[in-house]
Amino acid sequence: MRIDAHMHINFRNISTQNIIDYLNKHKYDCCWLMTWEDASPEKWNIQNLPIENVYDAFLRHPTRIIPMYAPDPQCNDAPGKLLTWCSRGVRGCAELKTTVNWRSDKLKRLLNAVLKVKMPVVFHMENRPEVLANLKTDTRLEVVLLKILQSGRLKGIPKRILEMVAEVCAPLERWKKQRTLFPGYKLDFASLRVVLKEYPMIRFIGHGPLFWQHIFADEGKNACAQQQGIVRKEGLTCSFLRNYPNLYADISAPSGFHALNRDHAFSRRFLSEFSNKLLFGTDNYPLGHEDLLNSLRLGPKIMKQLMGANAEQILMG
């Protein structure tokens with residue numbers, strides 16, 4: 001079976017019919033169709049992709065669409081919402097794209113519900129440039145400081161001066177946190193490690209720019225598309241996939257594509273070692289993910305695993 005294990009409806013102008021046409025054109029049997037849910041999307045200026053649209057597509061094409069739903073864990077009824085939709089045929093908790101840390105009690109309540117119904121979790125990790133905004137209570141000095149922070153002019157300023165500023169405006173890091181518009185999605189690998197240990201029966205599937213940046217040890221703060229040259233040392237993502245049996249990954253989106261397109265020799269080794277833990281997906285981006293895999297000449301057994309067998313096995317439990 002050939003499966004695109006990461007797709008959305010009404011994202012990047014992709015309709016239900018577009019999805020079916022895409023599956024037919026590339027001879028994919030089905031796709032995992034996922035939501036994004038945020039209880040307050042206006043806060044981060046994001047696009048919600050509701051479960052109702054995913055479920056409608058599933059009802060129209062039940063053999064081609066595998067519906068998945070990840071409620072915002074900040075909603076008090078998130079566990080109940082997941083269980084309700086699971087009873088209607090939802091097969092996975094995806095895409096979990098939340099600013100809530102893995103250690104959050106609310107997130108763990110959702111994971112406990114996931115554990116009951118034995119479904120996989122697809123999560124998104126992304127670090128965004130700091131976006132700060134004024135508070136209505138800011139003083140003139142705080143307004144000036146915010147402008148300086150936004151311009152990046154604090155780089156190179158002696159620590160003594162920053163400490164003096166912090167005394168006036170409250171500790172600088174806490175001051176910045178209060179004004180941060182977008183703190184990023186699932187930034188903490190350390191707390192991810194704790195959750196992987198705490199929920200060994202849940203199959204977690206990693207995805208997103210931050211997750212794929214850490215395939216290399218030289219990730220710094222650059223996006224995968226900006227990383228070039230031979231990979232000399234593997235990063236956290238490799239060690240996590242190697243050491244945690246319940247962690248998987250999908251290669252979708254620009255982040256997965258560019259990570260694997262950087263150094264083909266490294267990618268062959270990576271895909272061969274983790275051939276039973278990686279899933280093919282596109283995330284609605286027509287970058288040529290399958291063409292890239294074909295160019296690496298991985299062999300029919302590995303290609304079969306990547307292109308659908310692993311995704312099928314995960315859903316079987």
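The values are calculated or read from the model by the stated rules, or taken from the named source; none is laboratory data. What you see is a predicted model; the values in this text were computed from it and never measured. With ideal geometry, Cβ positions are generated from the backbone for all residues, glycine too; neighbour counts draw on all protein chains shown.
A few comments on the model shown:
- Qualifying residue in the range 288-298 (condition: touching a Lys or Arg at 6+ places or on another chain (Cβ under 7 Å) and closer than 22 Å to Ile202 by Cα): no
- Against the list (1) at pLDDT 70 or above; (2) surrounded by 12 or more Cβ atoms within 10 Å (Cβ to Cβ), the condition Cys224 fails is (1).
- Residue in the range 86-122 that is nearest to the chain's Cα centre (by Cα), counting only those that are at pLDDT 95 or above, crowded, with 23+ Cβ neighbours inside 10 Å and not aliphatic (A, V, I, L, M): Glu95
Here is a yes/no grid of residues against (1) more than 28 Å from Ala309 (Cβ to Cβ); (2) at pLDDT 95 or above; (3) more than 17 Å from the chain's Cα centre (by Cα):
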site	(1), (2), (3)
Leu172	yes, no, yes
Lys177	yes, no, yes
Ile205	no, yes, no
Val231	no, no, yes
Leu260	no, yes, no
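- Lone qualifier among Gly206, Gly281, Gly308 - being buried (at least 19 other Cβ atoms within 10 Å of the Cβ) and in a helix (DSSP H, G or I): Gly308
- Taken over the range 74-85, the criterion of being modelled with pLDDT under 95 and surrounded by 17 or more Cβ atoms within 10 Å (Cβ to Cβ) is satisfied by Gln74 alone.
- Pairs linking a residue in the range 82-95 that is touching a residue at least 12 places away in the same chain (Cβ under 8 Å) to a residue that is assigned to a helix (DSSP H, G or I) and of a type in the set (D, E, K, R), with Cβ atoms under 8 Å and 6 or more positions apart or on different chains, are Leu83/Lys116.
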